[in-house]
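Read through the structure below, which is laid out as structure tokens, and then see the notes.
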Amino acid sequence: MVEDVVRTLGFLCMGSRLRRIGERLQADTQQVIDEAGLSIQAGQYPFLAAIDRSGPLTIGELAQAVGITQPGATRTIGQLLELGYVDMQPAPDDQRRRLVSLTDKGQDLVGQSKKVIWPRIAAAVADLCGDLDGPILEQLAAIEDGLAAVPLARRNAAKEER
């Protein structure tokens, strides 16, 4: 059997390991979505959730809310527009800004997902993490906050200055 180098190298490959875990979670989530007969990708749900929680948002605001680049948000919103889950209209206060909102079809999908898909996924991930030692969501938030404050490339220099 070949050694799992990503696991063995610990902190050196933490980004690769988190990406691998994220991809597995996304794939498993997609399986639940497909079994429910819904026509959406797991990675599109955070955009619908952001609009549902905050109301109409610009592409830039959506990118910020989901934590991805603006081109990535533009691509995903384009897909959601094609599927008929969102609509894009000029903002009433500034015609140059375009706001993305849920269509009736999108609201129906979010409503159904809140009842069926989201609780199932949340419960499954909570079960997966249930035996872990320590508050994993708080630890992940601390990692994200730490990277935002001082990126990896600056960490050694910042530590040496202290």
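Answer yes or no as to whether residue 15 is over 24 Å from residue 93 (Cβ atoms), assigned to a helix (DSSP H, G or I), open to solvent by 30 Å² or more (accessible area, probe 1.4 Å) and out of contact with any strand residue (DSSP E or B) (no Cβ under 6 Å at 6 or more places or on another chain). Steps first, answer last, please.
Details: over 24 Å from residue 93 (Cβ atoms): yes; assigned to a helix (DSSP H, G or I): yes; open to solvent by 30 Å² or more (accessible area, probe 1.4 Å): yes; out of contact with any strand residue (DSSP E or B) (no Cβ under 6 Å at 6 or more places or on another chain): yes.
Considered against the rule, which asks whether it is over 24 Å from residue 93 (Cβ atoms), assigned to a helix (DSSP H, G or I), open to solvent by 30 Å² or more (accessible area, probe 1.4 Å) and out of contact with any strand residue (DSSP E or B) (no Cβ under 6 Å at 6 or more places or on another chain), residue 15 comes out as yes.
For the range 116-129, check the following and say yes or no: at least one residue is more than 18 Å from residue 26 (Cα to Cα) and of a type outside the set (Gly, Ala, Ser). No; the residues of the range 116-129 include none that is more than 18 Å from residue 26 (Cα to Cα) and of a type outside the set (Gly, Ala, Ser).
Here is a yes/no grid of residues against (1) closer than 19 Å to residue 137 by Cβ; (2) open to solvent by 80 Å² or more (accessible area, probe 1.4 Å); (3) at pLDDT 90 or above:
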| site | (1), (2), (3) |
| --- | --- |
| 26 | yes, yes, yes |
| 36 | no, no, yes |
| 43 | no, no, yes |
| 53 | yes, yes, yes |
| 69 | no, yes, yes |
| 72 | no, no, yes |
| 84 | no, no, yes |
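For the range 133-144, what are the residues that are loosely packed, with under 10 Cβ neighbours inside 10 Å and either in a helix (DSSP H, G or I) or at pLDDT 85 or above (or both)?
From the range 133-144, those loosely packed, with under 10 Cβ neighbours inside 10 Å are 133-134, 138; that's our starting set.
Result: 138, single match.
If you take the residues of the range 102-122 that are outside any helix (DSSP H, G or I) and either more than 18 Å from residue 57 (Cβ to Cβ) or among the hydroxyl-bearing types (Ser, Thr, Tyr) (or both), which of them is least open to solvent (accessible area, probe 1.4 Å)? Before the answer, list the steps.
Within the range 102-122, the first condition is being outside any helix (DSSP H, G or I), and the residues that meet it are 102-103, 116.
With the extra rule that they be either more than 18 Å from residue 57 (Cβ to Cβ) or among the hydroxyl-bearing types (Ser, Thr, Tyr) (or both), the set shrinks to 103, 116.
Working: 103: 33, 116: 78 Å².
Selected residue: 103.
For the range 45-101, filtered to residues that are within 23 Å of residue 27 (Cβ to Cβ) and part of a loop (DSSP other than H, G, I, E, B), the residue that is farthest from the chain's Cα centre (by Cα) is 85.
The values are calculated or read from the model by the stated rules, or taken from the named source; none is laboratory data. Just so it is clear, the structure is predicted and the values come from calculations on it, not from any experiment. Backbone-built Cβ (ideal geometry, glycine too); neighbour counts: all protein chains shown. Remember, those area values only see protein heavy atoms, side chains included, never the ligands or the DNA or RNA. Shrake-Rupley method; radii C 1.70, N 1.55, O 1.52, S 1.80 Å.
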